[in-house]
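Below is one structure; the comments refer to it alone.
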Amino acid sequence: MENRGEIPGREGRLVAVYSGDRKSGGKEAVSSGELVAGIGLAGDGHAGSDPLRQISLFADETLRALQSEGFTVTAEQLSANLITANLPLDDLREGARLRIGEAEIELSEMRKPCGVLTKLDNRLPKRLYRRCGWLGRVVRGGEIRPGAHIEILSA
């Protein structure tokens, strides 16, 4: 994946935090969350199950684009933990690090559109190819809340 010149230090914002106790189900918005190093988002169904897939991120801009195109999809249905704004998620590379408050996340794998999206609209997986956000691991824990700044430490 090409990095289009985004430099460390650029800041975005955490729009929302979502958690769910099932791996294949939707998630619910929470007012705050605890990222646990080596585990993920405390209480989430994906936490602790895979060392490189502890947390998932999705761009608010992509969600809004889908909705403006007529897709009836919500953030809860995307099964992502963190909804971000003003970050070039699709332009980052594996290994990029992000800081949210005291917590740090290392991006490990681009998210792939899954079967859950097909159940919502069979056009979604194709539409979200290479625009579905990232999976990552929590390298430093800390509490996170919507509205927090997200800093790109390395791209």
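Would region 72-81 turn up any residue that is part of a loop (DSSP other than H, G, I, E, B), out of contact with any Asp or Glu (no Cβ under 9 Å at 6 or more places or on another chain) and over 17 Å from Ser19 (Cβ atoms)?
The first filter runs over region 72-81 and keeps only residues part of a loop (DSSP other than H, G, I, E, B), leaving 72-74, 79-81.
Cutting the leftovers down to out of contact with any Asp or Glu (no Cβ under 9 Å at 6 or more places or on another chain) gives us 74, 79-80.
Cutting the leftovers down to over 17 Å from Ser19 (Cβ atoms) gives us none.
No: zero hits.
Might you let me know whether region 113-120 holds any residue that is modelled with pLDDT under 90, buried (at least 20 other Cβ atoms within 10 Å of the Cβ) and touching a strand residue (DSSP E or B) at 6+ places or on another chain (Cβ under 8 Å)?
no
Just one of the numbered conditions (1) of a type in the set (A, V, I, L, M, F, W, C); (2) over 17 Å from Leu14 (Cα atoms); (3) surrounded by 19 or more Cβ atoms within 10 Å (Cβ to Cβ); (4) touching a residue at least 12 places away in the same chain (Cβ under 8 Å) is not true of Ala47; which one?
Ala47 satisfies every listed condition except (4).
Please go through (1) more than 18 Å from Gly133 (Cα to Cα); (2) touching a strand residue (DSSP E or B) at 6+ places or on another chain (Cβ under 7 Å); (3) at pLDDT below 95 for Leu52 and return the number of the only condition it doesn't satisfy.
Of the numbered conditions (1) more than 18 Å from Gly133 (Cα to Cα); (2) touching a strand residue (DSSP E or B) at 6+ places or on another chain (Cβ under 7 Å); (3) at pLDDT below 95, the odd one out for Leu52 is (1).
Checking the structure you have, find out if any residue of region 103-111 is at pLDDT below 95 and either part of a loop (DSSP other than H, G, I, E, B) or in contact with a His (Cβ under 9 Å, 6 or more places away or on another chain) (or both).
Among the residues of region 103-111, at least one is at pLDDT below 95 and either part of a loop (DSSP other than H, G, I, E, B) or in contact with a His (Cβ under 9 Å, 6 or more places away or on another chain) (or both), which makes the answer yes.
Residues that are within 22 Å of Val139 (Cα to Cα) and of a type in the set (A, V, I, L, M): find the strands (runs of 3 or more DSSP E) completely inside region 20-71 holding 2 or more of those. Walk me through it before giving the result.
Numbers: elements: 28-30, 33-36, 55-59.
So the answer is 33-36, 55-59.
Being surrounded by fewer than 19 Cβ atoms within 10 Å (Cβ to Cβ), at pLDDT 95 or above and touching a helix residue (DSSP H, G or I) at 6+ places or on another chain (Cβ under 9 Å) narrows it down to one of Ala42, Ala85, so name that one.
Sole residue among the options that is surrounded by fewer than 19 Cβ atoms within 10 Å (Cβ to Cβ), at pLDDT 95 or above and touching a helix residue (DSSP H, G or I) at 6+ places or on another chain (Cβ under 9 Å): Ala85.
Can you tell me which of (1) modelled with pLDDT of 90 or more; (2) in contact with a Lys or Arg (Cβ under 9 Å, 6 or more places away or on another chain); (3) surrounded by 14 or more Cβ atoms within 10 Å (Cβ to Cβ) is the one Glu61 doesn't meet?
Only one criterion in (1) modelled with pLDDT of 90 or more; (2) in contact with a Lys or Arg (Cβ under 9 Å, 6 or more places away or on another chain); (3) surrounded by 14 or more Cβ atoms within 10 Å (Cβ to Cβ) is unmet by Glu61, namely (2).
Would a scan of region 115-133 turn up a residue that is among the polar types (S, T, N, Q), within 23 Å of His149 (Cα to Cα) and not in a helix (DSSP H, G or I)?
no
Of these, Ala42, Ala85, Ala75, Ala59, which one is touching a Ser or Thr at 6+ places or on another chain (Cβ under 6 Å) and either under 21 Å from Arg130 (Cα atoms) or of a type in the set (A, V, I, L, M) (or both)? Before you say what the answer is, go through the steps one by one.
Numbers: Ala42 fails: touching a Ser or Thr at 6+ places or on another chain (Cβ under 6 Å); Ala85 fails: touching a Ser or Thr at 6+ places or on another chain (Cβ under 6 Å); Ala75 fails: touching a Ser or Thr at 6+ places or on another chain (Cβ under 6 Å).
None of the other options fit; the residue is Ala59.
The values are calculated or read from the model by the stated rules, or taken from the named source; none is laboratory data. Note that the structure is predicted; figures quoted are calculated from it, not measured. A quick note on method: Cβ atoms are made from the backbone with ideal geometry, for glycine too, and the neighbour counts reach across all protein chains shown.
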